[in-house]
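Heads up: the structure comes next, in C-alpha cells.
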Amino acid sequence: MKPDQTKRLEGMTDLNEEELKKLRYILGKLEDIHRFNGYSLIETPTLEPTSIFIRKSGGQLGPQIYSFVDPGGNQVSLRPEFTASVIRMFIDKEPNISLPIRWQYSGPVFRFSNSDTQTLRQFNQVGAELIGAGGADADAEILSIACQSLQQIGIEKIVLTLGHIGVVTE
C-alpha cells in the first residue's frame, strides 16, 4: 500500500507507551473504586447485533453507529455504549443471578460523527450498572461512586446538579 492509502481515520486514537500507561493507571483506579463498592467486573463483546443498540436508544444512536453486515449475513455494530450490552448479558444470564446485581465495565466504544469538531470516534467508557435496586438509596449509591471516581483521578471540585422530572409533572 502507498502511505496515503493507510491514513488513520479521523477521531480514532493511537496511544504511545506513556499515554497507554496513563490510561491503564486511571482505568485501574476506577476499577478499584467500583470493586471496593461491591461491583464485579464484566466484559461484553465489542461487536453485537445492531438491533440491541437501536432498541435501547430509540433510534437516536442510529446515525452514530458503525454498522455492517458480517460474512454470515448478520447486521452487527461496534458498540456505541455499554448499557445495552450489559442488559443483554443480564437477560441471557438472569435465571442464574440473584438481585440486585452490581456490575462494572470499561473498554472502547465507537460513535461516528461527521461534524468538523474534534469529536473522538473511539474512546473508552467506564461505568457501573446497579440492576434490581431502585429508589433514593440506589441513586445515592451510583452518585457516590461517581464522586469517588472523580476524586480518585484527581478531580477535587465536583458539583452535582440533580433533577427529577416527577417534580415538574406533579
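No lab work stands behind these numbers, since they all come straight from the coordinates. These numbers come from a predicted model, not from an experiment. Heads up, the Cβs are rebuilt from the backbone with ideal geometry, glycines too, and the neighbour counts pull from every protein chain shown.
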For segment 129-169, what class follows from the C-alpha gyration tensor (a ≥ b ≥ c being the square roots of its eigenvalues): rounded when a/c is under 1.5, otherwise prolate if a/b is larger than b/c, else oblate?
-> oblate
Packing-ranked peptide list from 103-114, 63-74, highest mean Cβ count within 10 angstrom first, is 103-114, 63-74
Global geometry of segment 29-113, whether rounded, prolate or oblate, following the gyration tensor of its Cα atoms and the 1.5 cut on a/c = prolate
Sorted by packing (mean other beta-carbon atoms within 10 Å per residue), highest first, where do 17-30, 121-134 land?
-> 121-134, 17-30
Please label the shape of segment 12-170 as rounded, prolate or oblate, based on the square roots a ≥ b ≥ c of the eigenvalues of the alpha-carbon gyration tensor (a/c under 1.5 means rounded; beyond that, a/b larger than b/c means prolate, else oblate).
-> rounded
